[in-house]
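The values are calculated or read from the model by the stated rules, or taken from the named source; none is laboratory data. Small disclaimer: the values here were computed from a predicted structure and weren't measured. We place every Cβ from the backbone using ideal geometry, glycine too, and count neighbours over all the protein chains shown.
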Amino acid sequence: MIKVLKTITQKKVGFNIESYNCSKRLSEIIFIETGLDLSYNTIRRFFGIVKTVKPSNHTLNTIAVFNGYKNYNDFTMNFHLKNRWKQEFKLVSLMDQPDIKLLNFIELNLYSTRNFIVKLTQIIRELMLKKNYVFLLKLFSLNNMKFNNFNFDDVVYLGNCTGPLLKTLDTNSNDAHNLTLNENFIDLIFTVYVDYGDLNGSYGYWLRFIQENYKRADIKQFCRGVLNLDSYLQNKNKDQFYKLNLHFSFHPILKSRIIAQELFFRSKDLTLVLNNYIQMLKLKNETNIEAYYEIINTAIVTRNFEVMDWISERLEPKTKYDNFYEFEHYEHFGLMIIILHMYRKDQKNLNKWLNLISLDNFSRPYEKFMLQYVYILKYHNSKNNKSLYKTKYIQGAKDLYPSFFSEDYMENYFQS
């Protein structure tokens, strides 16, 4: 079977592994596609370019994963399609009538492979659509479902794929209310997928319910911070905003959300507040994209070019990412930089950044929001397609905040 594994690997990449350069290239391709590290020297030994040795389990498992299998054992069992769908059929049968067997199945397989997170997501989505809140509560009450047990990219995947269904939760159901107060459900779904298009709808209802009934300090601050954004977009009086409190133990993104509240109030000493915030982060070694993330987004929404300039001087561009969520976060940073160059009328750097950033890989919860600013940007930068981008902007506003995303806001966005 090892010979077969070598053959299908070479067939997949489209070249024979017969030299140093080929081994180096395959090593890079494997890492990009799977996130697993397999050195070119190991690959050279595996393909017999240099003196071969018996391949380790890590080598066999990594190459099997690269070829679409869970591990080498899965490859040997299923290469000829024997038992290929055994686990899938079992899962479907268990989903017919969710009970303790399904819970046991999830617990047994939860960390068996990275691929199981996809199955878990499918289970949760189906249960949410069926409104089986009682079983969902049992599932999220499992000790294995704690946030810290997961790879963060997996959390982002799970939250972003199930989060859009939060708007389907029945606000009249006591079982749904119990579910939304479950710590694991909050950590894995509710705080990961913030439905910015539904803040004044169902998602906003659950924000208010959780912040009133859940005691954990960071969750209360999260809910209040998002509700403040809703208040800002509805042009409410500032005395109706929640006052947020920062604590050093909070997640960096939550810290950035709390500090970003200052932009709603246009504080006179804003630069001082931000500099003090960064000094605090240096003590905790958290000066990464997460620590700026909500400040970036809020600066874009509030048209605060001073803050955008402040961020541009402190956060370096990045082209290599260890996690997919970082890639998305830097897309937001790139949009902010492009907006800043447009404001400065720096066409040279504007064009440079437009060639670097795709502007279509925003964090999924923020996607509709950020696209409004892409349309604003392209409207002001376009010579021949202004009406096209204006139409897209107006259409997008209908699904968000029509009164906030007005034509006047678009026309005068770059006015100080």
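Listed values, structure above:
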quantity: Residue satisfying condition, being within 30 Å of Thr62 (Cα to Cα) and among the aromatic types (Phe, Trp, Tyr), within set Phe135, Phe105; calculated: Phe105
quantity: From Lys378, Lys348, residue being free of Cβ contacts under 8 Å to residues at least 12 places away in the same chain, surrounded by 17 or more Cβ atoms within 10 Å (Cβ to Cβ) and farther than 24 Å from Tyr232 by Cβ; calculated: Lys378
quantity: Flag if Ile300 is of a type in the set (A, V, I, L, M, F, W, C), in contact with a helix residue (DSSP H, G or I) (Cβ under 7 Å, 6 or more places away or on another chain), over 30 Å from Asp346 (Cα atoms) and buried (at least 16 other Cβ atoms within 10 Å of the Cβ); calculated: no
quantity: Condition met for Leu350 (part of a helix (DSSP H, G or I), outside the structural domain of Gly159 (by TED's automatic domain parsing) and at pLDDT 95 or above); calculated: no
quantity: Phe414 being crowded, with 19+ Cβ neighbours inside 10 Å and within 29 Å of Asp230 (Cα to Cα); calculated: no
quantity: Matching residues, segment 244-267, being over 19 Å from Gln211 (Cβ atoms) and part of a loop (DSSP other than H, G, I, E, B); calculated: Phe248, Arg266, Ser267
quantity: Segment 92-121, subset out of contact with any Leu (no Cβ under 8 Å at 6 or more places or on another chain) and either among the acidic types (Asp, Glu) or closer than 24 Å to Thr168 by Cα (or both), residue modelled with the highest pLDDT; calculated: Val118
quantity: Pairs, first in contact (Cβ under 8 Å) with a residue 24 or more places away in the chain in segment 197-208, second among the hydroxyl-bearing types (Ser, Thr, Tyr) and crowded, with 16+ Cβ neighbours inside 10 Å, C-beta under 6 Å, six or more apart; calculated: Trp206/Thr180
quantity: Residues of segment 191-206 satisfying the condition of being in a loop (DSSP other than H, G, I, E, B), of a type outside the set (A, V, I, L, M, F, W, C) and crowded, with 17+ Cβ neighbours inside 10 Å; calculated: Thr191, Tyr193, Asp195
quantity: Residue identified as out of contact with any Lys or Arg (no Cβ under 8 Å at 6 or more places or on another chain), at pLDDT 90 or above and either surrounded by 12 or more Cβ atoms within 10 Å (Cβ to Cβ) or outside the structural domain of Asn115 (by TED's automatic domain parsing) (or both) among Leu36, Leu60; calculated: Leu60
quantity: In segment 268-291, the residues that are of a type outside the set (A, V, I, L, M), over 26 Å from Tyr373 (Cα atoms) and either modelled with pLDDT of 90 or more or in a helix (DSSP H, G or I) (or both); calculated: Asn275, Asn276, Tyr277, Gln279, Lys282, Lys284
quantity: Which listed residue, of Glu313, Glu306, Glu294, is charged (D, E, K, R) and either modelled with pLDDT of 95 or more or under 15 Å from Ile253 (Cβ atoms) (or both); calculated: Glu294
quantity: Residue match in segment 113-131 (condition: among the polar types (S, T, N, Q), outside any helix (DSSP H, G or I) and under 23 Å from the mean Cα position of the chain (by Cα)); calculated: yes
quantity: Count - residues of segment 229-242 that are under 16 Å from Arg208 (Cβ atoms) and part of a loop (DSSP other than H, G, I, E, B); calculated: 4
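So that you can scan it fast, the table gives a plain yes or no per residue for (1) more than 29 Å from Ile117 (Cα to Cα); (2) in the same structural domain as Leu110 (by TED's automatic domain parsing); (3) more than 33 Å from the chain's Cα centre (by Cα); (4) not in a helix (DSSP H, G or I):
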site: Asn16; (1), (2), (3), (4): yes, no, yes, yes
site: Leu26; (1), (2), (3), (4): no, no, no, no
site: Arg45; (1), (2), (3), (4): yes, no, yes, no
site: Gly48; (1), (2), (3), (4): yes, no, yes, yes
site: Pro55; (1), (2), (3), (4): no, no, yes, yes
site: Ala64; (1), (2), (3), (4): no, no, no, no
site: Gly68; (1), (2), (3), (4): no, no, no, yes
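For (1) assigned to a helix (DSSP H, G or I); (2) surrounded by 14 or more Cβ atoms within 10 Å (Cβ to Cβ), each residue gets a yes or a no:
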residue: Pro98; (1), (2): no, yes
residue: Asp154; (1), (2): yes, yes
residue: Cys161; (1), (2): yes, yes
residue: Thr171; (1), (2): no, no
residue: Ile189; (1), (2): yes, yes
